[in-house]
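These notes are about the structure you will find just below.
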Amino acid sequence: MKRMKRSTLLAVLAAALVLVAGAFWLLRGKPAATPEKKPEAAARPSLTVTVAKPENSELSVTLAANGNVAAWQEASIGSESTGLKLAEVRVNVGDVVKKGQVLATFSAESVQADVAQAKASLAEARATAADATGTAARARTLQATGAMSQQQINQYQTAEQTAKARVEAAEAVLAAQQVRGRNTQVLAPDDGVISARTATVGSVVSAGTELFRMVRQGRLEWRAEVTSSELGRIAVGTPAVITSASGATVSGKVRSIAPTVDPQTRNALVYVDIPNVLQNTGLKAGMFARGDFQLGRTSALTVPQASVVPRDGFNYLLLLQPDNRVAQLKVETGRRVGDRVEITTALPGDARVVVQGAGFLNDGDLVRVVETPAAAAKPAAEAAAK
């Protein structure tokens, strides 16, 4: 039995060797495999760019207008005395004054002399009136006795009434001279800022001559010209931002709207209060200024300003495609706030616009996208917050 097992094992091993040798010779006889062709070189990106997604932002709705800056109310301060010499001028242009403050004074010597004379005349009239009153009283006591005629009694009573009238006239003259004395001081009629001065020391002015002009309460106003079609969008209390020629900006509010429209220009005036004229050094009465009425806020689709490419008088966005090529899209732009621009044209929901390098690309260009530092830091910040 052992011999039979050995012979069987040897036969199996011999068969296996024959099979291996046959396979070797078969493989050796096949022609060598041809080497695989290498793929063509991949297309190279033309530019490395950054991309961003459009965002919904809250933007203010404004209405632009132009107009002049003027004083809210300008008071003319003049002289009420005639023939007096101006002795002192206490204020100059730009000075802030309070109501009742002395702005200038006139020489008061002649007025004081007239006041003294009026007082003396009044004293004389009162003495004469007292004597006439006593005489008339004595005459009336003798009326019943018949010792004095009725004609004489009437004369004494008439003299009494005449003397009293002279007293009243003397009092009126004295009051007028005292008013002249008070008018030797020019007083401010209200709080405000002196805007003009014509008063000169030593000059003799007549009544009604203007000496100063004053911006009442230091308030200016912007008289904006608004077209009749846009007038309905503005109401009293609407805030506005006024910008002067120098670039200074001042905030104000609509005080009133003119009830009529100019038939020539079809524009209406809107009066915007500008308080604190001294603090708003960038605006002066007589300036021409532009401004914007703040009408509210609305939601808008915005993109970075660098992604908007102006070409041939139109604006374009370069949208990144799945194959890393860009597609040029003509768009309409709207409001601009900071570095964001409103896009009024509908964009795809998953749109990504090229930001950095957009101006150097054409439709169909292949690009390589890199993450911006802000975009790369955002997922890390979110992960840290979690």
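The values are calculated or read from the model by the stated rules, or taken from the named source; none is laboratory data. Predicted model only: the values in this text are computed from it and were never measured. Glycine also receives a Cβ, built like all others from the backbone with ideal geometry; neighbour counts cover every protein chain displayed.
Quick notes on this one:
- Search result, residues across the range 61-103 that are under 30 Å from Ser228 (Cβ atoms) and surrounded by 15 or more Cβ atoms within 10 Å (Cβ to Cβ): Thr62, Leu63, Ala65, Gly67, Asn68, Val69, Ala70, Ala71, Trp72
- Per the conditions (1) in contact with an Asp or Glu (Cβ under 9 Å, 6 or more places away or on another chain); (2) farther than 30 Å from Thr238 by Cβ; (3) at pLDDT below 85, the sole criterion not satisfied by Arg335 is (2).
- Restricting Arg223, Arg216 to residues that are among the basic types (Lys, Arg) and closer than 19 Å to Val93 by Cα narrows the list to Arg216.
- Residues of the range 184-196 classified as closer than 11 Å to Val102 by Cα and surrounded by 18 or more Cβ atoms within 10 Å (Cβ to Cβ), total: 3
- Considering residues of the range 269-324 that are acidic (Asp, Glu) and either closer than 30 Å to Leu366 by Cβ or not in a strand (DSSP E or B) (or both) only, the residue farthest from the chain's Cα centre (by Cα): Asp323
- Within the range 360-386, considering residues that are modelled with pLDDT of 85 or more and not hydrophobic (A, V, I, L, M, F, W, C), the one nearest to Pro310 (Cα to Cα): Asn362
- Residue count for the range 96-155 satisfying the condition of being more than 30 Å from Gly202 (Cβ to Cβ) and in a loop (DSSP other than H, G, I, E, B): 8.
- Matching residues in the range 197-248 - criterion: being charged (D, E, K, R) and either without any contact (Cβ under 8 Å) to a residue 60 or more places away in the chain or surrounded by 14 or more Cβ atoms within 10 Å (Cβ to Cβ) (or both): Arg197, Glu210, Arg213, Arg216, Arg219, Glu221, Arg223, Glu225, Glu230
- Check on Thr48, part of a loop (DSSP other than H, G, I, E, B), modelled with pLDDT under 90 and among the polar types (S, T, N, Q): no
- Qualifying residue in the range 123-137 (condition: touching a residue at least 40 places away in the same chain (Cβ under 8 Å), surrounded by 18 or more Cβ atoms within 10 Å (Cβ to Cβ) and not basic (Lys, Arg)): yes
- Residues that are surrounded by 14 or more Cβ atoms within 10 Å (Cβ to Cβ) and among the hydrophobic types (A, V, I, L, M, F, W, C), drawn from the range 144-183: Met148, Ile153, Ala159, Ala163, Val167, Ala170, Val173, Leu174
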